[in-house]
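Written out below as structure tokens is the structure these notes cover.
The values are calculated or read from the model by the stated rules, or taken from the named source; none is laboratory data. Not measured: the values here are computed from a predicted model. With ideal geometry, Cβ positions are generated from the backbone for all residues, glycine too; neighbour counts draw on all protein chains shown.
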Amino acid sequence: MSTPATHSPASAASPRVTGIEMQSVVLELGDGDRTVRALDDVSLSVTGGELVAVVGPSGAGKSSLLAVAGALAHPTAGTVKIHGRELATLSRKERTRFRLTEIGFVFQSGNLVPALTVADQLRLVRRLTTREPFDPMPLLESVGIAHKADRRPHELSGGERQRVGIARALVNSPSVLLVDEPTSALDRERSQEVVALLREETHASAVATIMVTHDHDVLHHCDRVLLMQDGGLQPHSAS
């Protein structure tokens, strides 16, 4: 596993092995008397430093993809490896620890703790893995929000909350960053800023980023775009 860093991910990052590799993944879910194949023979490899966007209609399987990639759901078939470690070999306790250290999550609205300041949002995540002293300011500076370190979520704009969410997801220097509709509550200008920031942090931190989005206006920031439809993945046509 990678060792949590105490500096900004914007600093020079060493090359990493493939961040995430999914091979022939199938996820079947019960729906009343029938079984739905949420993921249908999905294979996907995202390397460190690569931002991959996944687009597609509602119900296509995008949320299921993030759940399996984030070690939140067990695939019915196939394998998932993160930083070279196969998730199926992990015990429940190891899986929980693995999510904390190797997987970062960015949610639609930031999903911040209302009572905590911006700086404490990051300290809380770090405290779950180590009791060593941690200075959140370099990381907050890298995402352009250090000047709001003492503010609470209700004092921030939507774009600022997403910046905090990105910083928090990078606290433990994860191998994989999973991003769920980061621009859904933002206007066009803020959407461009947030996804441009995701690209910058992905490249600088050598983290493998998968971003699920309906916002086609931000896709030019991404290194690769895939279409999810009926549980399967395929290259996305810009047309």
* **Conditions (1) surrounded by 21 or more Cβ atoms within 10 Å (Cβ to Cβ); (2) in a strand (DSSP E or B); (3) not β-branched (Val, Ile, Thr): number failed by Ser45** => (1)
* Of all residues in the range 59-77 being among the polar types (S, T, N, Q) and either free of Cβ contacts under 8 Å to residues at least 24 places away in the same chain or part of a helix (DSSP H, G or I) (or both), the one that is farthest from Pro182 (Cα to Cα) -> Ser64
* To do: Kindly check whether there is at least one residue in the range 78-92 that is under 28 Å from Thr130 (Cα atoms), surrounded by 13 or more Cβ atoms within 10 Å (Cβ to Cβ), at pLDDT 95 or above and of a type outside the set (A, V, I, L, M).
  => yes
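Take the residues in the range 195-226 that are within 18 Å of Arg163 (Cβ to Cβ) and out of contact with any strand residue (DSSP E or B) (no Cβ under 9 Å at 6 or more places or on another chain); name whichever of them is surrounded by the fewest Cβ atoms within 10 Å (Cβ to Cβ). Break it down into steps so the answer makes sense when it comes.
Step one: of the range 195-226, the residues within 18 Å of Arg163 (Cβ to Cβ) are 195-205, 207, 209, 211, 213, 215, 218, 221.
Checking which are out of contact with any strand residue (DSSP E or B) (no Cβ under 9 Å at 6 or more places or on another chain) leaves us with 196-197, 200, 204.
Numbers: Ala196: 13, Leu197: 21, Glu200: 18, Ala204: 17.
Result: Ala196.
Considering only the range 145-239, give the strands (runs of 3 or more DSSP E) lying wholly within it that have at least 1 residues that are closer than 28 Å to Ala71 by Cβ and free of Cβ contacts under 8 Å to residues at least 24 places away in the same chain.
On the way: elements: 176-180, 208-212, 224-229, 232-235.
Qualifying strands (runs of 3 or more DSSP E): 232-235.
Pick from the range 103-128 the residues that are assigned to a loop (DSSP other than H, G, I, E, B) and of a type in the set (A, V, I, L, M): which of them is farthest from Ile20 (Cα to Cα)? Let's see the steps before the verdict.
Step one: filter the range 103-128 for residues assigned to a loop (DSSP other than H, G, I, E, B), giving 107-117, 128.
The next check asks that each one be of a type in the set (A, V, I, L, M); those that pass are 112-113, 115-116, 128.
Details: Leu112: 26, Val113: 28, Ala115: 34, Leu116: 32, Leu128: 23 Å.
My answer is Ala115.
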